[in-house]
Amino acid sequence: QVQLVESGGGLVQAGGSLRLSCAASGSISRINTMAWYRQAPGKQRELVAIIATTAGITQYADSVKGRFTISRDNAKNTVYLQMNGLKPEDTAVYYCSSNIVVLYQGTHDYWGQGTQVTVVS
């Protein structure tokens, strides 16, 4: 069994910063990728940023490039999302997702429970 636990969401003023964390735990053999998605009310879930945990290669949504930074701590099976220059349109529930090789069970995608980020002007 694998769990992803997120933390760090909250309420912030426009232009402010927040740092989200997501820790994976359980019977993990290898983590291939870790990513952040978000879903605003009435909108589809969208990819915000993704990182390949071994190579460290990253990819960002155009809307967050230059403002958000994804990073990982492989020793802690943790991914971070540093969000700077936040805008009201960044308001959403942010979800952590990971593609994980589970001991004796193959590769699966897992999701966290989500953390609310609210940006007020």
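Here are a few things to note about the model shown:
- Debye log10 I(q)/I(0) at q = 0.14, 0.16 Å⁻¹ for the chain, Cα point scatterers: -0.54, -0.70
- Arg72 exposes around 80 Å² of accessible area when a 1.4 Å probe is run over every protein chain in place.
- Here Arg30 and Lys65 are evaluated by their C-beta separation; at R0 = 25 Å the FRET efficiency comes out at 0.35.
- Radius of gyration and Dmax over the Cα atoms of segment 2-61, both given in Å: 13.6, 40
- Rounded accessible area per residue of the chain, 1.4 Å, Å²: 52
- Debye equation applied to the C-alpha atoms of segment 76-115, log10 I(q)/I(0) at 0.22, 0.32 Å⁻¹: -0.85, -1.16
- Summing charges over neighbours of Val93, with a neighbour being any other residue whose Cβ is under 11 Å away from its Cβ, gives +2 when K and R count +1 and D and E count -1.
The values are calculated or read from the model by the stated rules, or taken from the named source; none is laboratory data. This one's a predicted model, so the numbers in the text were calculated from it and none came from an experiment. Positions of Cβ are generated from backbone atoms using ideal geometry, with glycine treated the same way; all protein chains shown enter the neighbour counts. Accessible surface is based on the protein model in full, side chains and every heavy atom, while ligands, DNA and RNA are left aside. Shrake-Rupley method; radii C 1.70, N 1.55, O 1.52, S 1.80 Å.
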